[in-house]
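Below you'll find the structure, written out as structure tokens, and then a few comments.
The numbers here are math on the coordinates, done by the rules we state, and not lab data. Here the structure is a predicted model, which is why all the values come from computation and not from measurement. Cβ atoms come from the backbone with ideal geometry, glycine included; neighbour counts cover every protein chain shown.
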Amino acid sequence: TPAKAPSLSESTIHRFSYSDQDAAITALRGVETLFMVSAHESPERLDQHRTFVDAAASAGVKHVFYTSFAAAAPDATFTLARDHYVTEEYIK
């Protein structure tokens, strides 16, 4: 919640979700480098990631650093590693 965010001068707080593209675009305007933490595990996770990455691109974000998974691959045994691979490819 915004109340938990530290008070930093020259900073603003924007409340949004990964699936709310318009709010994410507003929040990301002026951001050049983004540290993207993967969304919670859910059936909508990949759609949320795509929506958020699209918002970042629309807002003009130049670099995205994404918390992925070691050995993320399309044929990974661990299901979430496959999800991370899809997100990595989408970011590219």
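Take LYS62, LYS4 and order them by how many other Cβ atoms sit within 10 Å, fewest up front.
In increasing order of surrounding Cβ atoms, one gets LYS4, LYS62.
Residue by residue through region 11-24, what is 3J(HN,Hα) from phi via Karplus (6.51 cos²θ - 1.76 cosθ + 1.60, θ = phi - 60°)? Round to whole Hz and write x for glycine and proline.
Karplus values, whole Hz, x for Gly and Pro: 10, 10, 10, 10, 8, 7, 10, 4, 8, 9, 4, 4, 5, 5.
Could you put LEU28, LEU80, LEU8, LEU34 in order, starting from the residue whose Cβ has the fewest other Cβ atoms within 10 Å?
Least crowded to most crowded, the residues run LEU8, LEU80, LEU34, LEU28.
Quick query: amide H of VAL64 versus all other amide H atoms, modeled in the peptide plane; which residues come in under 5 Å with a sequence gap of 5 or more or a different chain?
HN-HN under 5 Å from VAL64: LEU34.
Using DSSP loop states and a limit of at most 11 other Cβ atoms within 10 Å to flag GluC sites (Glu not before Pro), what is the longest stretch of the chain containing no flagged site?
42-92
Mind pulling the angle between the C-alpha long axis of helix 79-91 and the longest principal axis of the chain? Nearest 10 degrees, somewhere in 0 to 90.
It is inclined by approximately 60 degrees.
Once the other residues with Cβ under 11 Å from the Cβ of SER58 are scored (Lys, Arg +1; Asp, Glu -1), what is the net sum?
Neighbour charge sum, excluding SER58 itself: -1.
May I ask you to compute the full-extension gain from SER58 to SER9, defined as 0.36 nm times their residue separation minus their alpha-carbon distance, rounded to one decimal in nm?
This chain segment gains 15.0 nm when fully extended.
Counting only other residues whose beta carbon sits under 13 Å from that of ALA27, what net charge do I get with K and R as +1, D and E as -1?
Taking every other residue near ALA27 into account, the sum is 0.
Multiply the residue separation of LEU46 and THR67 by 0.36 nm, subtract the distance between their alpha-carbon atoms, and state the gained length in nm to one decimal.
6.2 nm
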